[in-house]
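Visitor: To start, I am sharing the structure in question, which I have written as structure tokens.
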Amino acid sequence: MKLIGLRLKVRATMLAVLFSASVHAEDRGMPAGQGLEAKLEYCKTCHGLQGQGYLGYFPMPRLAGQQPDYIEAQLRAFIERRRTNPIMFNVAHVLSPAMLADLATHFRNLDPKPFGGAPRGALAEGKRIFEEGLPEANVPACSACHGMEGKGQHEIPRLAGQLYAYTVGQLTGWKKERGQGSAVDTSAIMAPTAHNLTRSQVEAVAAYVSYLQ
Amino acid sequence: MFKARKLEVMKRIGFRVAILAIFASTVPSWAGGVDGAGVRNCTWCHGASGQGYMVAPRLAGQRPQYIESQLRSFRTHTRDNPFSKQYMWGAVAALGPNAAHDLAIYFATIAPKAANDGDSDLATRGRAIYLEGIPEANIAACYACHGPDAEGVRDIPRLGGLAYFYLKGRLEQWGQGYHSAAGSPMPMVASHLGPDEIEALASYLSFVR
């Protein structure tokens, strides 16, 4: 009997805590479903429970360990249609500016293992392109901006552990997806490099970075 | 009107289930390979050309990797909804990986038909949810994983043309704590869907070919 009483008390306390949390959310004028925790869970339905990415019909990129400035810049690019992606436009255009920053920061400290699955045949070539570039083809070393470990900085994204299919898709379709419209956009920096890489070089470097921890 | 039809269909399902139960208890143990006997063990319930029948879903045109993964899940009892337990756990108990692979390829190559048995008035709303999700309610777009024509890819299933009652049941079951395969994002995805959204999605998908 005592035990049941105690359990009931614990339940009641938990309910009280939950209730007060939801009241707080309403206090701040948030519509249902727009609280930070609910929204993070929503991100993770597609991008993986630890933000490690997921391979659906389309590859959903890894967000874990990603630079907050980069995530925020991309969410804005989706909203302003500088980056075309129908799914991410729908997702992002309902987010408040404060929510963008909070979401972007959250993924910084997640550190799951890379998603894996990339072909391993050209890892050495990928490493060479990543660290030295291809001077004869006007391709600078990726590491010059993205860092030797591929962790990125500020608006320059982390590439380490990124899904192979995602990186291949981005590098081969750079100008079709990014830098749309007339506004000047940091994505322009990558356009010549993406253009100068051959398909097999893209695959090599995408495979290499996908295994970086 | 719709309710009356539902009741009627539910009655019919009850009747079919009774028949299926008799079959399930009498099917011979697995013979192996895609020979007549092997395929017949599936088509008893899934229909002569794998187009599905009442509670047994269409296998025709389904992704082969999905069929294989689900056969594995039935064997390991990971896929645990009531019909799976009742029929499929026993049906695959003696089915080896090679036979499962051959059957998956066999059914995947049959052209699927659309069930067309949803509520056509709900199809437009279902299509909008499928393609866009409901971002305000944290409902993800189905299209991101299942593809623009709900055709599926790899071990992500085709949903287009499956029967309304099967789709509705599966979407409800994710929220009720049933499982399908380890690591599936579906319990999280579907837990945000309300009954109206489930009916709209199941209706729309039943018409997709």
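Visitor: Condition first: farther than 18 Å from residue A:189 by Cβ and either in contact (Cβ under 8 Å) with a residue 40 or more places away in the chain or out of contact with any Phe, Trp or Tyr (no Cβ under 8 Å at 6 or more places or on another chain) (or both). Now tell me which residues in segment A:58-79 satisfy that.
Guide: Selection gives A:58, A:59, A:60, A:61, A:62, A:63, A:64, A:65, A:68, A:75.
Visitor: Let me ask something else about it. For segment A:189-208, state whether one or more residues are within 19 Å of the chain's Cα centre (by Cα) and outside any helix (DSSP H, G or I).
Guide: no
Visitor: So residue B:121 clears everything in (1) away from chain A (no Cβ under 12 Å); (2) in a loop (DSSP other than H, G, I, E, B) except one condition, right? Which one?
Guide: With respect to (1) away from chain A (no Cβ under 12 Å); (2) in a loop (DSSP other than H, G, I, E, B), residue B:121 is out only on (2).
Visitor: Going residue by residue through segment B:141-157, is there one that turns out to be more than 14 Å from every other protein chain (Cβ to nearest Cβ), surrounded by 21 or more Cβ atoms within 10 Å (Cβ to Cβ) and touching a residue at least 24 places away in the same chain (Cβ under 8 Å)?
Guide: So the first thing to find is which residues in segment B:141-157 are more than 14 Å from every other protein chain (Cβ to nearest Cβ), and the list is none.
Scanning segment B:141-157, I find no residue that is more than 14 Å from every other protein chain (Cβ to nearest Cβ), surrounded by 21 or more Cβ atoms within 10 Å (Cβ to Cβ) and touching a residue at least 24 places away in the same chain (Cβ under 8 Å), so the answer is no.
Visitor: Suppose the filter is in contact with a Cys (Cβ under 8 Å, 6 or more places away or on another chain), within 20 Å of residue A:93 (Cα to Cα) and among the aliphatic types (A, V, I, L, M); does residue B:144 pass it?
Guide: Yes, satisfied.
Visitor: If you don't mind, there's one more thing I want to ask. Report whether or not residue B:110 is outside any loop (DSSP other than H, G, I, E, B) and of a type in the set (Val, Ile, Thr).
Guide: No: the conditions fail for residue B:110.
Visitor: Now for a separate question. Please enumerate the residues belonging to segment B:124-161 that are within 16 Å of residue B:209 (Cβ to Cβ) and touching a Ser or Thr at 6+ places or on another chain (Cβ under 6 Å).
Guide: B:126
Visitor: Among the residues of segment B:132-147, are any under 15 Å from the mean Cα position of the chain (by Cα) and either basic (Lys, Arg) or outside the structural domain of residue B:80 (by TED's automatic domain parsing) (or both)?
Guide: yes
Visitor: Just to be sure, is residue A:70 outside any strand (DSSP E or B), crowded, with 19+ Cβ neighbours inside 10 Å, of a type in the set (Ser, Thr, Tyr) and more than 8 Å from chain B (Cβ to nearest Cβ)?
Guide: yes
Visitor: Going through segment A:73-101 one residue at a time, which ones are among the aromatic types (Phe, Trp, Tyr) and either within 19 Å of residue A:172 (Cα to Cα) or more than 10 Å from chain B (Cβ to nearest Cβ) (or both)?
Guide: Of everything in segment A:73-101, just one residue is among the aromatic types (Phe, Trp, Tyr) and either within 19 Å of residue A:172 (Cα to Cα) or more than 10 Å from chain B (Cβ to nearest Cβ) (or both), namely A:78.
Visitor: Let me ask you something else. For segment B:75-83, check the following and say yes or no: at least one residue is in contact (Cβ under 8 Å) with a residue 24 or more places away in the chain and in a helix (DSSP H, G or I).
Guide: yes
Visitor: So, residue B:58, is that one under 19 Å from residue B:174 (Cα atoms), in contact (Cβ under 8 Å) with a residue 24 or more places away in the chain and away from chain A (no Cβ under 14 Å) or not? Even if it seems obvious, please write down each step before you answer.
Guide: On the way: under 19 Å from residue B:174 (Cα atoms): no; in contact (Cβ under 8 Å) with a residue 24 or more places away in the chain: yes; away from chain A (no Cβ under 14 Å): yes.
Spelling it out, it is not the case that residue B:58 is under 19 Å from residue B:174 (Cα atoms), in contact (Cβ under 8 Å) with a residue 24 or more places away in the chain and away from chain A (no Cβ under 14 Å).
Visitor: Hey, another quick one. Could you tell me whether any residue of segment B:99-108 is surrounded by fewer than 17 Cβ atoms within 10 Å (Cβ to Cβ), within 14 Å of chain A (Cβ to nearest Cβ) and of a type in the set (A, V, I, L, M)?
Guide: no
Visitor: Please find, among A:165, A:160, the residue that is touching a strand residue (DSSP E or B) at 6+ places or on another chain (Cβ under 7 Å), farther than 13 Å from residue A:196 by Cβ and of a type outside the set (Ser, Thr, Tyr).
Guide: On the way: A:160 fails: touching a strand residue (DSSP E or B) at 6+ places or on another chain (Cβ under 7 Å).
One residue alone meets the criteria, A:165.
The values are calculated or read from the model by the stated rules, or taken from the named source; none is laboratory data. Every value quoted in this text rests on a predicted model; they were computed, and no experiment measured them. We place every Cβ from the backbone using ideal geometry, glycine too, and count neighbours over all the protein chains shown.
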